[in-house]
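S.K.: Attaching a single structure in structure tokens format; questions to follow.
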Amino acid sequence: MSSQAGAAAAVLPKRQRGKQRVAELLAAGAAVFAEKGYAAATMTEIAARAEAPIGSLYQFFPSKEALADTLVQSYVALLTADLESLEAQARNLSTAALIEGLFGVLRAHPQERAATLPLAEARMDERTRRETFRYLLRKRIALILRARSPTLSAERARDRANVLLQLMKAASALNDEEGLIGRSTALRELQSLAAQYLEQR
């Protein structure tokens, strides 16, 4: 996944106590990476933020690269779980509720997202980023659309997924512009456009 080869992989624990410690270390890593960026963040600072001995951090994450890659993988897993949940409900959702769910995916997990996007920039080449995130989103959105309308062809679902993803990305970028006058109205308009598009036959 990483654009840099040879980094030691994370060691994930099996016991509950170890899992709790890893969750704390990941949360601290996400916070520090979000604040400082990948290059400026240090393992010492991450351990201090987690109130953990530095040896404990290195026990689970032998390098900053391993910690960063684990955070990216965790965020991808969160996105996947959110999209799978929408797919399971798609048949019973109104168009407005489905669009709300889809647009919410890119706004969910704000702390993980804030850390992951800079990490993906630092740790992945453009092609890997594209394949990891855009491909995942397009594929899952197409599956959601087909779950909602089983007669929809795979090609048509793919085309609609492409359009919906562009609208979702526009809404996500708009959502990040805090203090923008009219932001809430613009977000509602984008969702309305997406709903109208989805209802076209």
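S.K.: Sort Val11, Val72 by Cβ crowding within 10 Å, fewest neighbours at the top. The partial results should precede the final answer.
M.R.: Working: Val11 13, Val72 23.
Least crowded to most crowded, the residues run Val11, Val72.
S.K.: Work out how much length Arg127 to Arg188 would gain on full extension: take 0.36 nm times their residue separation and subtract the Cα-Cα distance, in nm to one decimal.
M.R.: Values: separation 61, 0.36 × 61 = 21.96 nm, distance 3.19 nm.
The Arg127-Arg188 span can extend by a further 18.8 nm.
S.K.: With each label point set 7 Å from Cα along the Cα-Cβ vector, what nm distance links Leu136 and Ser149?
M.R.: 2.7
S.K.: Sticking with this one: Could you run the Karplus curve 6.51 cos²θ - 1.76 cosθ + 1.60 with θ = phi - 60° over region 104-120 and give me ³J(HN,Hα) per residue in whole Hz, x for Gly and Pro?
M.R.: Once θ is set to phi - 60°, the couplings for region 104-120 become x, 4, 7, 9, 6, 6, x, 5, 5, 5, 4, 7, 6, 4, x, 5, 4 Hz.
S.K.: With the alpha-carbon atoms as the only input, what is the per residue convex hull volume for the chain in Å³?
M.R.: Convex hull of Cα atoms, per residue: 136 Å³.
S.K.: Let me ask something else about it. Would you report the distance distribution of C-alpha pairs in region 23-114 as whole percents per 10 angstrom bin, up to the bin with the largest distance?
M.R.: P(r) over region 23-114, rounded to whole percents: 16, 40, 22, 16, 7, 0.
S.K.: How large is the charge dipole for region 129-180, taken about the Cα centre, if only the Cβ atoms of Lys, Arg (+1) and Asp, Glu (-1) carry charge, to the nearest 20 debye?
M.R.: With only Lys, Arg, Asp and Glu charged at Cβ, the dipole is about 400 debye.
S.K.: So, how do all the Cα-to-Cα distances of region 145-201 break down into 5 Å bins, in percent, from 0 on up?
M.R.: 4, 18, 26, 19, 14, 10, 6, 3, 1
S.K.: Right, here's the next one. Please work out the C-alpha center-to-center distance from region 111-142 to region 156-192 and express it in whole Å.
M.R.: 18
S.K.: If I take every Cα pair under 8 Å that is 6 or more residues apart in the chain, average their sequence separation and divide by the length, what percent do I get for the relative contact order? The partial results should precede the final answer.
M.R.: On the way: 197 pairs, mean separation 48.6, N = 201.
With pairs under 8 Å counted, the relative contact order is 24 percent.
S.K.: Could you compute Rg(Cα) / (2.2 N^0.38 Å) for region 94-201, with N its residue count?
M.R.: 1.13
S.K.: Oh, and also: Give, rounded to the nearest 20 debye, the magnitude of the charge dipole that the chain has about its Cα centre when Lys and Arg contribute +1 at Cβ and Asp and Glu contribute -1 at Cβ.
M.R.: I would put it at about 640 debye.
Read-outs: derived from the displayed coordinates by stated rules, not from any lab. What you see is a predicted model, and the numbers here were worked out from it, not measured in a lab. As a convention, Cβ positions derive from the backbone with ideal geometry for all residues, glycine included, and neighbour counts pool all protein chains shown.
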